[in-house]
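One structure below.
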Amino acid sequence: MATGIIHVLLVITPGVYGDQFYQFMDSVFFNINDGLADFPIIGGTLHHKEFAAFWFFYAGPLTFIYGYLLNEVEKIHGYVPVNQSIAFIIVSSIGAYMIPLSGMMFVLIPQGIYMYLRGKKLYKAQS
């Protein structure tokens, strides 16, 4: 959940994506780009900073919700199921491969490993 909150906070921070975020606010977050018309394959121009700012911002609430759901699963079972931890590690590893010096490498993969080891230990203890 903290990762989601940090994403949103970074987006509104000047010098990170704050400029793009405030441009989005000017349009009341409506029609912030031209969608498919922006793709170069059909003659458009992709505005990379706005595109990245949107996805960084959008990932914040999604990550928060995912963290909340993991928290609820952990409350029910006492741990995150191993298969869920493995999926988390795989998705985080793909992201870390693509963007090595990022939160995926330094935050998400360690969280996934922790969930996996804790889940494996507690599952065995309950069996």
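Can you tell which of ILE41, ILE94, ILE12 shows the greatest fluctuation in a Gaussian network model of the chain with Cα springs below 10 Å? In this elastic network of the chain, the residue with the biggest mean-square fluctuation among ILE41, ILE94, ILE12 is ILE41. Mean sequence separation of contacting Cα pairs (under 8 Å, at least six apart), scaled by the length of segment 1-126, corresponds to a relative contact order of 25 percent. Spacing of the modelled spin labels on ALA125 and LEU62, each 7 Å from Cα toward Cβ, amounts to 3.4 nm. From the mean inverse distance of alpha carbon pairs (Kirkwood) and the Cα radius of gyration, derive Rg over Rh for the chain. Ratio of gyration radius to Kirkwood radius: 1.09. A full extension of the chain between VAL91 and TRP55 corresponds to an added length of 11.3 nm, given 0.36 nm per residue minus the alpha carbon distance. Using a simple spin-label model with pseudo-atoms 7 Å out from Cα toward Cβ, GLN23 and ALA2 lie 3.3 nm apart. By the rule of a C-alpha distance below 21 Å, with chain neighbours fewer than 8 residues away ignored, the lysines paired with LYS75 are LYS120, LYS121, LYS124.
Full extension of the chain segment joining MET105 with ILE41 gains 19.9 nm, where the gain is 0.36 nm per residue of separation less the Cα-Cα distance.
Throughout, read-outs are computed from the coordinates displayed, never taken from laboratory work. Quick caveat, the model's predicted, so the values are computed rather than measured. Neighbour counts run over all protein chains shown; Cβ positions are idealised from the backbone, glycine included.
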